[in-house]
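The values are calculated or read from the model by the stated rules, or taken from the named source; none is laboratory data. Everything quoted here is computed from the prediction, not taken from an experiment. Glycine also receives a Cβ, built like all others from the backbone with ideal geometry; neighbour counts cover every protein chain displayed.
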Amino acid sequence: MTADLVLPIYCGPLRLRALVESDASEHARLFAQPDVVRYLYEDVLEGDELRAHFEKRLWTGLPAEGEWANLAVVAGDQFLGEVGFGVSDAVHRTCEVGYVFYPEVSGFGYATEATRATVQLCVDVLGAHRVIARLDARNTRSAALAERLGFRREAHYVENEFVKGEWTDEVVYAILAREWTAAT
């Protein structure tokens, strides 16, 4: 790690902050929408499964290798979605980012700005040499977001994961810290 993380993170009108217990109902509403979870590993969640999913995302600090941390994305008092980041490989200083937002806030640039701040966090705080985003190949909107941020598509794995009863392709996008710094 190269710096301490100070939350919340402000980016334009957005605030990225730790997920807290009072976010449980928003998290439930977000992950109850079929359009939101379509390209995620989880299907629509309910009950105990949903509660466990949320509890895993409550802030416990920066992630270690193989771990993930999530942040709420809010504008004023409005919960817009979540961004996540993890340390994929500590030796090779590779981090991964992810994002999930309500469909009704699509098109306003919120996911792009929140993910931009998350990539910056990976570079500045976690000391990432490389930041990746792994996506279902059918998720063209998510791929477009990665490309807007300067990520390059580095891999297309054909039917490498069995998700929700079907074989799916996965694409991997990446950007090096030096490329990120030069572009920002």
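Remarks
- Residue identified as farther than 25 Å from Glu170 by Cβ and not small (Gly, Ala, Ser) among Phe31, Phe108: Phe108
- Residues of region 138-168 classified as closer than 22 Å to Glu179 by Cα and aromatic (Phe, Trp, Tyr), total: 1
- Listed by first and then second residue, the pairs with beta-carbon distance under 6 Å, at least 6 apart or on different chains, first residue in region 121-148 and polar (S, T, N, Q), second surrounded by 16 or more Cβ atoms within 10 Å (Cβ to Cβ), are Asn139/Tyr39; Ser142/Leu135.
- Residues in region 1-59 that are at pLDDT 90 or above and at positive phi: Gly12 alone.
- Some residue of region 96-108 being of a type in the set (Val, Ile, Thr), closer than 21 Å to Val44 by Cα, part of a strand (DSSP E or B) and touching a helix residue (DSSP H, G or I) at 6+ places or on another chain (Cβ under 9 Å): yes
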